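The values are calculated or read from the model by the stated rules, or taken from the named source; none is laboratory data. Small disclaimer: the values here were computed from a predicted structure and weren't measured. Using ideal geometry, Cβ is built from the backbone for each residue, glycine included, and neighbour counts are taken over all protein chains shown. Quick note on the areas: whole protein, heavy atoms, side chains included, nothing else; ligands and nucleic acids left out. Shrake-Rupley method; radii C 1.70, N 1.55, O 1.52, S 1.80 Å.
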Amino acid sequence: MGDMTNSAVDFYPKNQRGESNHAGEFGCSLNELRSFMELRGSEAVQKIQDTYGDMNGFCRRLKTSPTEGLAGNPADLENRRQTFGRNFIPPKKPKTFLQLIWEALQDVTLIILELAAIISLGLSFYQPPGERSEMCGSAAGGVEDEGESEAGWIEGAAILLSVICVVFVTAFNDWSKEKQFRGLQSRIEQEQKFAVVRGGQVIQIPVSEIVTGDIAQIKYGDLLPADGILIQGNDLKIDESSLTGESDHVRKSADKDPMLLSGTHVMEGSGKMLVSAVGVNSQTGIIFTLLGAGGEEEEKKDKKGKMQDGNMENSQNKAKKQDGAAAMEMQPLKSAEGGDGDDKEKKKSGTPKKEKSVLQGKLTKLAVQIGKAGLVMSAITVIILVLYFAIDTFVIQKLQWLPECTPVYIQFFVKFFIIGVTVLVVAVPEGLPLAVTISLAYSVKKMMKDNNLVRHLDACETMGNATAICSDKTGTLTTNRMTVVQAYVGDVHYKEVPDPDTLPSKSLDMLVNAISLNSAYTSKILPPEKEVGLPRQVGNKTECGLLGFVLDLKRDYQTVRDQTPEEKLYKVYTFNSERKSMSTVIKMQDGSFRMYSKGASEIVLKKCSNILNTAGEARVFRPRDRDEMVKKVIEPMACDGLRTICIAFRDFPGSPEPDWDNENNILIDLTCIAVVGIEDPVRPEVPEAIRKCQRAGITVRMVTGDNINTARAIAIKCGIINPGEDFICLEGKDFNRRIRNEKGEVEQERIDKIWPKLRVLARSSPTDKHTLVKGIIDSLHGERRQVVAVTGDGTNDGPALKKADVGFAMGIAGTDVAKEASDIILTDDNFSSIVKAVMWGRNVYDSISKFLQFQLTVNVVAVIVAFTGACITQDSPLKAVQMLWVNLIMDTFASLALATEPPTEALLMRKPYGRNKPLISRTMMKNILGHGIYQLTVIFTLLFAGETIFNIDSGRNAPLHAPPSEHYTIIFNTFVLMQLFNEINARKIHGEKNVFDGIFRNPIFCSIVFGTFAIQIVIIQFGGKPFSCIPLQIDQWLWCIVLGVGELLWGQIISSIPTNRLKFLKEAGHGTQKDDIPEEELNEDAEEIDHAERELRRGQILWFRGLNRIQTQIRVVKAFRSSLYEGLEKPESKSSIHNFMTHPEFRIDDSQPHIPLIDDTDIEEDVALKQNSSPPSSPNKNNNAIDSGINLTTDTSKSATSSSPGSPLHSLETSL
């Protein structure tokens, strides 16, 4: 901990330590500024007056000008950095390679292997007296000659060596992963720029280059990069919750509370601030330095807690280097090993804990299950070997345990133990976390090229499961290049930009002034960068469209602005989502005031009581005129997909001065100058992208603040709504009216009635967006829970972005607040990049499934071979070192090869998997079992008949240190070659026939397959004793290769068997995935149950109660019927729900505790369901009962029969 505190101190510039008393050439020292920044509100204002006179005095002390800013010469900037520090918070030091190696060594299985190897080494050097060995039983001796007993140490050494290999590979992977994250991190930091005034010019500079004394321009949506003091502000409100935890927005003004702190968000308004503290001296910096010091202690405590977590631990704590300045939580997915250690860590780091990602949840459970199975198998292996040896030696040969024989026996036990551990090593899929990480890291890197900057790794994979996208309109679906194309001025509706001579001159002057002054002075139109290009729009795009309109009217907005510089604006009401308008007040020469307003036309027109007529004079504007205008002007514009903006003004007398804070009295009685229609054309690539989404089973919804007609017109152009479809378009207020009950609370049932058909939500506020997203995510409507992606760019989109499963922020138009809340940043603000993200996400999911299919085949085969071999021949056919090599191919190489497959368009042709689809589909299960059968047949044939086939000596029952045999070498070689060819089979998981399809697009895969083959040749021909191999002849090699290639042929046979014929597979595919009912033993830790599961449980209990009532009622009805229909024949209509429910197979039986809530069989099953309405005989019959129960619950549940204690459902209810 000591070194961290020091590093914080070292970070202050060198000449700063003895400098608290004299401030060098500046009028105030660093410490003075630091202590000054701790003041708040009126204290700070007082202090400025006492010490510096006023803000100008403060600026003079810091050698800067409030209007011109710093001169910007490099020497001065460097001097400021030396004196006051840089605007950079040093991240925590990354772990060194040695630390990573030490962490990789913590893996329990590896520790066991090391111990076994060391014991084996020790014993091999101990020579028991020679003449006694006959007394120790025949099993001990045999054909051992001198040279061989000398080489006894090789096995131990080889195990140690391979352990070292595994450790290095793991550490290297972690190290490179860490490096990638750091690179990504710095890239995110470099992209953050901020506007400062230097030499009178507003320029954008990277945040890290801001120095003390800079004049920074702040506006709505900014994340403040340094501490500062407000010089001038318009209606500025700051969210300081990140520092103070106070959720209310704080009003800032130069005369009441001018203190602005780094890391806080500007929620409204704009202004200029004098930067007074940067980097480690700013408030956030001070907190981070304290955290850095505290972090080490935390870690030490953590280590102690975690060591108990044992095996579930290995590969997780590596990527938890929470990166200093931007606390991005980029952790790799948690694999089985260590699900919870990480959650504790996450809670500590204060980042809001998102639900475990879909894939993580599934993998964690799967790996734990496989690990348990492996443990059981290895334990049984050891026990059988020890018992067999003991019975054979001490019972059958009736030998005594002699003291001098002890070392010999111990050597046997160690050998058995090593075999057991080897089985375990092969069974535990430590490659899983590696595959996930590699696959994700690879995708993230590639997604950068597709304009997706991923901030949270698991967002990448969640995106593949997305079922709904709620997108903004402006800038995402449209180009965000606003141009005014229609106008209504002086009672005339112009269908294109009017000629300035045709407009009344009064109206024209008024319009030009209103647009030029009542817009942020940061919005400008600059000449095009290229000769032919369009003029560049800088700042707010809508305002740029209006300024462009001024230029089209042959006027210049800049001259108007120069006459009234920003400092002279009397009062500014900035745009926010409540007001939906912006107003600026200026003081006229005669002392009176004029206010210009602009905003959404229906909102501003409601406040207008006059309008300028053809002569440019004001005439009365009555509500009926307004309705007519809406019909004749605004709706036709909106139906062309234009945004309508109304521009108005109002004059106030100079005395008495109006009460500017009473907005309701200010923003009324306006006089309308003009209404303009702004076109924002749809991006050309969007309709195609939306078609792809719809084909991939993803619903796109548009959520916008625009008028409903505009929104509908654009939605039709994009293809979000197609003619003839059943859909709804709502406005925010209708939406709220429909989803809230009398008390004004949102009700889930009401949302469920709306969202499935809702396609456009117009005039929506950020809260509406959040309500909609939350409603869709929490909904249990439909057969699976929805996974929702949301795009947002405004500060107010933060809550919706955080709530969504994946939040996309706009890289160009997005505010810093939105980027902070998001998971992925679209660097080009383009909707079609979201489709690429979906493709990558699905690719990650598929890559991991491919790897699983390959890995599990090897696991099953290797474990069974080692187990049966050990039980029948007292020795595993695959030696420990060979197993470690197989493990290396399987885990590291295969995960690299299969996880880096590039995505194809075909991925977008299928529906999303959803949250409850087992990782291992039935097709994959069929492949795993099919290939397992082939490999086991080959290996057992070789093991028990190999010596006769190849005419070689049998390798079975060899003594302890016997030389390697050709027999076992052939088995090992065939086994590895079969894995290699099966790796090619594993490239396809949906039962495709052509496994070579696109293989050359993935050079990594090809090089790994050939590389492994080459190393295998070296191992066999030159591996010798350490690998227990003997060089093979060419014909033996050919046979091994033929058996390997057999895998490919066998794969074709397997893929031609239709999956739906193999009914027994369904349970298997399902069994690996207990995703539906969270069983107690899977989460020993209460923390593991995430919200979704909690909801599911609540849902399940309700379901069961509902079902139970139905069943009770049906029993009553049946009793009733049986008395009624005794003489008549029973009506046998399948469609009758009563009958449907009473079919015996639909009874929910005690013997079947596993009730899938959601039908997760493959697609084939669903098709079958649709074809015959009679209930199919599938193992999870209760689904249909549940489905059919849906419509019933509404009318029958009025009778409140509770579950009878005897009923099977009652027991289920209580057990749940």
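Quick check: is even one residue across the range 621-636 touching a strand residue (DSSP E or B) at 6+ places or on another chain (Cβ under 6 Å) and open to solvent by 10 Å² or more (accessible area, probe 1.4 Å)?
yes
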- [ ] Considering only the range 763-776, state which residues are over 23 Å from E602 (Cβ atoms) and open to solvent by 10 Å² or more (accessible area, probe 1.4 Å).
- [x] H770, K774
Task: Selection from the range 604-659 of residues that are in contact with a Pro (Cβ under 9 Å, 6 or more places away or on another chain) and among the small types (G, A, S) - done: A615, G616, G641
Open item on the list: Quick check on the range 169-187: of everything there that is surrounded by 17 or more Cβ atoms within 10 Å (Cβ to Cβ) and aliphatic (A, V, I, L, M), which residue is modelled with the lowest pLDDT?
Closed with: L184
Open item on the list: Checking A615 against (1) more than 29 Å from G269 (Cβ to Cβ); (2) touching a strand residue (DSSP E or B) at 6+ places or on another chain (Cβ under 9 Å); (3) aliphatic (A, V, I, L, M): exactly one of these is not met. Which one?
Closed with: (2)
Open item on the list: For the range 450-458, check the following and say yes or no: at least one residue is in contact with a His (Cβ under 8 Å, 6 or more places away or on another chain) and assigned to a strand (DSSP E or B).
Closed with: no
Task: Residue identified as open to solvent by less than 30 Å² (accessible area, probe 1.4 Å), at positive phi and either modelled with pLDDT of 85 or more or within 51 Å of the chain's Cα centre (by Cα) (or both) among G914, G930 - done: G914
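Quick check, is Q748 free of Cβ contacts under 8 Å to residues at least 40 places away in the same chain, in contact with an Asp or Glu (Cβ under 7 Å, 6 or more places away or on another chain) and not β-branched (V, I, T)?
It is true that Q748 is free of Cβ contacts under 8 Å to residues at least 40 places away in the same chain, in contact with an Asp or Glu (Cβ under 7 Å, 6 or more places away or on another chain) and not β-branched (V, I, T).
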TODO: Looking only at the range 942-961, decide whether some residue is touching a residue at least 24 places away in the same chain (Cβ under 8 Å), assigned to a helix (DSSP H, G or I) and open to solvent by 60 Å² or more (accessible area, probe 1.4 Å).
DONE: no
Open item on the list: Of the residues S847, S832, only one is of a type in the set (S, T, Y) and under 27 Å from N796 (Cβ atoms); which?
Closed with: S832
- [ ] Kindly indicate whether any position in the range 847-861 is assigned to a helix (DSSP H, G or I), touching a Leu at 6+ places or on another chain (Cβ under 8 Å) and closer than 30 Å to P963 by Cβ.
- [x] yes
- [ ] Could you please find all residues in the range 670-727 being within 30 Å of N610 (Cα to Cα) and in a loop (DSSP other than H, G, I, E, B)?
- [x] D680, T704, G705, D706, N707
TODO: Could you list, in sequence order, all residues of the range 226-282 that are more than 25 Å from P206 (Cα to Cα), assigned to a loop (DSSP other than H, G, I, E, B) and either of a type in the set (A, V, I, L, M) or touching a Lys or Arg at 6+ places or on another chain (Cβ under 8 Å) (or both)?
DONE: H249, A254
Open item on the list: Can you find a residue that is more than 22 Å from the chain's Cα centre (by Cα), at pLDDT 90 or above and small (G, A, S) anywhere in the range 199-218?
Closed with: yes
TODO: Counting only residues that are touching a helix residue (DSSP H, G or I) at 6+ places or on another chain (Cβ under 6 Å), among the hydroxyl-bearing types (S, T, Y) and open to solvent by 10 Å² or more (accessible area, probe 1.4 Å), give me the strands (runs of 3 or more DSSP E) lying completely in the range 479-584 with at least 2 of them.
DONE: 483-489
TODO: Give the residue, chosen from S253, S247, S241, S262, that is at negative phi, polar (S, T, N, Q) and buried (at least 20 other Cβ atoms within 10 Å of the Cβ).
DONE: S262
TODO: Go through (1) crowded, with 18+ Cβ neighbours inside 10 Å; (2) not in a helix (DSSP H, G or I) one by one and return the number of the condition E742 breaks.
DONE: (1)
Task: Subset of the range 97-126 [open to solvent by 70 Å² or more (accessible area, probe 1.4 Å), at pLDDT below 85 and out of contact with any Phe, Trp or Tyr (no Cβ under 7 Å at 6 or more places or on another chain)] - done: L115, I118, I119, Y126
TODO: Mind counting the residues in the range 791-845 that are in contact with a strand residue (DSSP E or B) (Cβ under 7 Å, 6 or more places away or on another chain) and either open to solvent by 20 Å² or more (accessible area, probe 1.4 Å) or part of a helix (DSSP H, G or I) (or both)?
DONE: 18
- [ ] Sort out which residues of the range 638-665 are in a strand (DSSP E or B) and loosely packed, with under 13 Cβ neighbours inside 10 Å, and write them in order of number.
- [x] D651
TODO: Count, please, the residues in the range 587-607 that happen to be open to solvent by less than 30 Å² (accessible area, probe 1.4 Å), under 21 Å from S505 (Cα atoms) and not basic (K, R).
DONE: 3
TODO: Check off (1) over 28 Å from T904 (Cβ atoms); (2) at pLDDT 90 or above for V806 and give me the number that stays unchecked.
DONE: (1)
Task: Matching residues in the range 85-96 - criterion: being open to solvent by less than 60 Å² (accessible area, probe 1.4 Å) and more than 28 Å from the chain's Cα centre (by Cα) - done: G85, N87
TODO: Filter the range 391-405 down to the residues that are closer than 23 Å to C871 by Cα and in a helix (DSSP H, G or I), then identify the one that is least open to solvent (accessible area, probe 1.4 Å).
DONE: T393
TODO: Identify all residues within the range 678-704 that are out of contact with any helix residue (DSSP H, G or I) (no Cβ under 8 Å at 6 or more places or on another chain) and surrounded by fewer than 17 Cβ atoms within 10 Å (Cβ to Cβ); write none if there are none.
DONE: P681, P684, R691, Q694, G697
